[in-house]
Amino acid sequence: MKVTAIVGSYRKGGTVDRVIDEILAAAREAGAETTKIYLIDKHIEFCTNCRECTQAPGAIRGACPLEDDMSAVLDAIEGADALVLGTSINFYTVTAVMKKFAERLLVYNFWPWGMLRPKMRNKKTDKRAVIVISSAAPAIMTRLLTGAARLMKDAALMLGCRTIGVLTIGLAARSSKTEISPPILKKARRLGIALVSGNHP
């Protein structure tokens, strides 16, 4: 069992990173092998909407003409059995690096010229995903006033994952290193175990 985490925050050791560490620690204790990928460490170009990756039919992802690290990141995700996606909130949505990553998931769609809308190449969701979001606003406001959770769920879906939990950490800008509450850490551990076991968290 392999669990891969994609960290879309800008600060290593920040709130998102530490909560993901807790999820991965619990997954390892449940028998999983874990990997963490920081998007800030990867060279990922902006999608140019050339749609070259969407033209050929088939269930496997399309080939993007951009030469960067995105293909290797997707290979790592495809080789995993479960996924963790994490981002902080900037300007009412996910970070720019997470948005850039999400836009490049167009490769999982078939959208030839002349077709009105894209169609997912593979609608199977045989993997599980957990989403982690941190925000300076209270958690309830983050859920109600931003589309971050929806964007992250859609990204997970593109990657063949069913989201089994969203962990939102609010009021995460009170200090340079926000204290993570015991209930959040407890939920993070439950989600990490659920990624491996498949049981409801």
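Collect residues whose amide H, placed 1.01 Å from N in the peptide plane, falls under 5 Å from the amide H of ARG11; neighbours closer than 5 in sequence don't count.
Sorted by chain and number, the residues that satisfy this come to none at all.
Hey, can you rank 56-67, 129-140, 28-39, 177-188 by average C-beta count inside 10 Å, highest first?
Result, highest mean Cβ count within 10 Å first: 129-140, 28-39, 177-188, 56-67.
Past 24 Å, Cα to Cα: identify those pairs from LYS100/LYS153; LYS12/LYS186; LYS100/LYS186; LYS2/LYS177; LYS127/LYS153, in the order given.
Violating the 24 Å limit, Cα to Cα: LYS100/LYS186; LYS2/LYS177.
What is the Cα radius of gyration of the chain over 2.2 N^0.38 Å, N being its residue count?
1.01
Counting Lys and Arg as +1 and Asp and Glu as -1, what is the net charge of the other residues whose Cβ lies under 12 Å from the Cβ of LEU66?
Taking every other residue near LEU66 into account, the sum is -4.
Divide by every residue of the chain the summed helix terms, -39500 (n - 2.57) for each DSSP H run of at least 4, and state the resulting mean residue ellipticity at 222 nm, rounded to the nearest 500 deg cm²/dmol.
Only helices count here, giving -10000 deg cm²/dmol.
With Cβ to Cβ distances under 15 Å as the rule, what net charge do the other residues near ARG189 carry (K, R +1; D, E -1)?
With Lys, Arg at +1 and Asp, Glu at -1, the neighbours total +2.
What does the charge add up to near ILE89, with Lys and Arg as +1, Asp and Glu as -1, over the other residues with Cβ less than 14 Å from its Cβ?
Once all neighbours under 14 Å are counted, the net charge is +4.
Rounded to a whole number of µm²/s, how large is the Stokes-Einstein D of segment 133-201 at 20 °C and 1.002 mPa s, given Rh as the Kirkwood radius over C-alpha pairs?
162 µm²/s
Would you work out if segment 42-106 is rounded, prolate or oblate? Take a ≥ b ≥ c from the square roots of the eigenvalues of the alpha-carbon gyration tensor; rounded if a/c is under 1.5, else prolate when a/b is larger than b/c, oblate otherwise.
oblate
How much length would be gained if the chain were fully extended between ARG150 and SER197, taking 0.36 nm per residue of separation minus their Cα-Cα distance, in nm to one decimal?
That pair, ARG150 and SER197, stretches by 14.5 nm at full extension.
Go through ALA139, LEU159, SER88 and say which Cα lies farthest out towards the positive end of the charge dipole of the chain; charges sit on Cβ, +1 for Lys and Arg, -1 for Asp and Glu.
Projecting each Cα onto the dipole axis, the largest value belongs to ALA139.
With +1 assigned to the C-beta of every Lys and Arg and -1 to the C-beta of every Asp and Glu, and no other charges, what is the dipole magnitude of the chain about the Cα centre in debye, to the nearest 20?
With only Lys, Arg, Asp and Glu charged at Cβ, the dipole is about 720 debye.
FYI, it's all coordinate maths here, none of it is from the lab. Here the structure is a predicted model, which means the values were calculated and not measured. Quick reminder, even Gly has a Cβ in these numbers, built from the backbone with ideal geometry, and neighbours come from all protein chains shown.
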